[in-house]
Structure formats: C-alpha cells, structure tokens
Amino acid sequence: MNKKLPNKIVIVSLCEKFSNEIAKMISQELGMLFCNARELIEYELIDRKMVEELASVKYVDKLEKKVLKNLSTYENVCISLSYQHFAESENFLRERSVIVFLDLPKKYVKENEMVSFLDFKLRHTFLEENSTIQIPIKKLDTEFVKEKVLKNLGGIL
C-alpha cells in the first residue's frame, strides 16, 4: 500500500493566540504558507452577524465547516486552529496532516482563555487523543517553543 506523506502542519493548543504565533514562526522557518483558520473563516463569511440575521446560526456553522473542510485540502501550509475549530474539523483535517498539540500550562491557559477547570480537562484529553505530536510546554518563550516543535517534527514532512 502506498501511504501518502503528510503535506501540512496543524498547530493547536488551548490558547489560540499562542498557537497562532508559533504556527506563523514555523511556517516562516519551513518556507510554508501560513493560515489562521479563524481569519480565513471571517474572510470567507465577510459579515457573520449579517449572515446569521438573514439565514441562521445553523447555516453559518455549516458555512464554517465548509471552509474548514476546504482548508484540509491545502498543501504545504501551517495551520493555526482554535480548540473549537479543531474539534469541529479534526476528522477531515487528520488526513495528510501532522497535528501538533502545544500542551500549555494550565495556569497560563486559565489566565489567557475563558476555560473552566472541567472544560480544561475535557479539552486537554481530546487534544492528547487526537494529535500526532504532543509537546509539553513549560517555558513560554516562543523562540524556544518553535525550536522544540521543529525538533519534534524531525523528518516527518
């Protein structure tokens, strides 16, 4: 059987801002395209509130999933995703992707995101179970984390 090699990197954590910064750095280092899923969705939907008023929240959610599914077809790209977008799309993003879970300290996540203890535990477990690589982060220096991610990616791509 001829297994296809990964052609994209998905960076996810429980703090979207941190994931986004690291994904940008990784994409620059590896000469890949960079995509922030939230910004892509906002661009594609143009005015979410207006679409919700004219259609429905369910319709907007369907459009978001369509954008995320399309994103899964991109090649040579480093994608930054929020936890929510990853949870909604991991089944189709998994194909030909290396999914990197940046395991941030609970205290940092609680200070930077609105996540309760129970949500933290459930989300953390989901990311552990659905990532290709899990990188525990103790030192929040972005340059250090970038190097750690690159080292863990090794020759995967």
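The values are calculated or read from the model by the stated rules, or taken from the named source; none is laboratory data. Because the structure is predicted, anything quoted here is derived from the model rather than measured. All Cβ positions, glycine included, derive from the backbone under ideal geometry; neighbour counts span all protein chains shown.
Which residue, of Val109, Val100, is of a type in the set (Val, Ile, Thr) and at pLDDT 95 or above? Don't jump to the end; show me each part of the working.
Working: Val109 fails: at pLDDT 95 or above.
Step by step, each of Val109, Val100 is checked, and only Val100 is of a type in the set (Val, Ile, Thr) and at pLDDT 95 or above.
Looking only at region 3-36, filter to residues that are in a loop (DSSP other than H, G, I, E, B) and either under 18 Å from Gly154 (Cβ atoms) or among the aliphatic types (A, V, I, L, M) (or both); which one of those is modelled with the lowest pLDDT?
Lys3
Considering only residues of region 89-106 that are part of a helix (DSSP H, G or I) and surrounded by fewer than 17 Cβ atoms within 10 Å (Cβ to Cβ), which is farthest from the chain's Cα centre (by Cα)?
Our first condition is that a residue be part of a helix (DSSP H, G or I); within region 89-106, this holds for 89-93, 106.
Then drop every residue that is not surrounded by fewer than 17 Cβ atoms within 10 Å (Cβ to Cβ), which leaves 91-92, 106.
Working: Asn91: 13, Phe92: 13, Lys106: 18 Å.
Ranking the candidates gives Lys106 first.
Checking Glu143 against (1) under 20 Å from Glu21 (Cα atoms); (2) more than 15 Å from the chain's Cα centre (by Cα); (3) surrounded by 14 or more Cβ atoms within 10 Å (Cβ to Cβ), which single condition isn't satisfied?
(3)
Identify, from the list Lys8, Lys17, Lys24, the residue that is touching a residue at least 24 places away in the same chain (Cβ under 8 Å) and either surrounded by 20 or more Cβ atoms within 10 Å (Cβ to Cβ) or of a type in the set (Val, Ile, Thr) (or both).
Values: Lys17 fails: either surrounded by 20 or more Cβ atoms within 10 Å (Cβ to Cβ) or of a type in the set (Val, Ile, Thr) (or both); Lys24 fails: either surrounded by 20 or more Cβ atoms within 10 Å (Cβ to Cβ) or of a type in the set (Val, Ile, Thr) (or both).
Step by step, each of Lys8, Lys17, Lys24 is checked, and only Lys8 is touching a residue at least 24 places away in the same chain (Cβ under 8 Å) and either surrounded by 20 or more Cβ atoms within 10 Å (Cβ to Cβ) or of a type in the set (Val, Ile, Thr) (or both).
Where residues in region 107-138 are basic (Lys, Arg) and part of a helix (DSSP H, G or I), which of them is farthest from Ser19 (Cα to Cα)? Steps first, answer last, please.
Of all residues in region 107-138, those basic (Lys, Arg) come to 107, 110, 121, 123, 138.
Applying the additional criterion that residues be part of a helix (DSSP H, G or I) yields 107, 110, 121, 123.
Numbers: Lys107: 16, Lys110: 15, Lys121: 18, Arg123: 15 Å.
The qualifying residue farthest from Ser19 (Cα to Cα) is Lys121.
Is it true that Glu143 is modelled with pLDDT of 90 or more and in a helix (DSSP H, G or I)? Walk me through it before giving the result.
On the way: modelled with pLDDT of 90 or more: yes; in a helix (DSSP H, G or I): yes.
For Glu143, the condition - modelled with pLDDT of 90 or more and in a helix (DSSP H, G or I) - is met.
Within region 37-61, restricting attention to residues that are of a type in the set (Asp, Glu), modelled with pLDDT under 75 and in a helix (DSSP H, G or I), which residue is farthest from Glu88 (Cα to Cα)? If you could, list the steps in order and put the result at the bottom.
Just the residues of region 37-61 that are of a type in the set (Asp, Glu), to begin with: 39, 42, 44, 47, 52-53, 61.
After this cut, where a residue has to be modelled with pLDDT under 75 as well, the list is 47, 52-53.
Restricting the remaining residues to those that are in a helix (DSSP H, G or I) gives 52-53.
Numbers: Glu52: 19, Glu53: 23 Å.
Within region 37-61, the match that is farthest from Glu88 (Cα to Cα) is Glu53.
Could you list, in sequence order, the residues of region 89-138 that are touching a Lys or Arg at 6+ places or on another chain (Cβ under 6 Å) and among the charged types (D, E, K, R)?
Arg96
Here is a check on your reading of the model: is Asn112 of a type outside the set (Asp, Glu), surrounded by 12 or more Cβ atoms within 10 Å (Cβ to Cβ), under 18 Å from the mean Cα position of the chain (by Cα) and more than 23 Å from Gly31 (Cβ to Cβ)? Show your work before the answer.
Working: of a type outside the set (Asp, Glu): yes; surrounded by 12 or more Cβ atoms within 10 Å (Cβ to Cβ): yes; under 18 Å from the mean Cα position of the chain (by Cα): yes; more than 23 Å from Gly31 (Cβ to Cβ): yes.
So Asn112 passes the test.
Tally time: how many residues in region 95-118 are in contact with a strand residue (DSSP E or B) (Cβ under 9 Å, 6 or more places away or on another chain) and either basic (Lys, Arg) or under 19 Å from Glu44 (Cα atoms) (or both)?
1
Show the residue pairs that are 6+ apart or on different chains and have beta-carbon atoms under 6 Å apart, the first residue being within region 115-139 and within 16 Å of Leu81 (Cα to Cα), the second being aromatic (Phe, Trp, Tyr) and outside any helix (DSSP H, G or I).
Here the result reads Leu127/Phe101; Ser131/Phe101; Gln134/Phe101, each pair linking region 115-139 to a residue that is aromatic (Phe, Trp, Tyr) and outside any helix (DSSP H, G or I).
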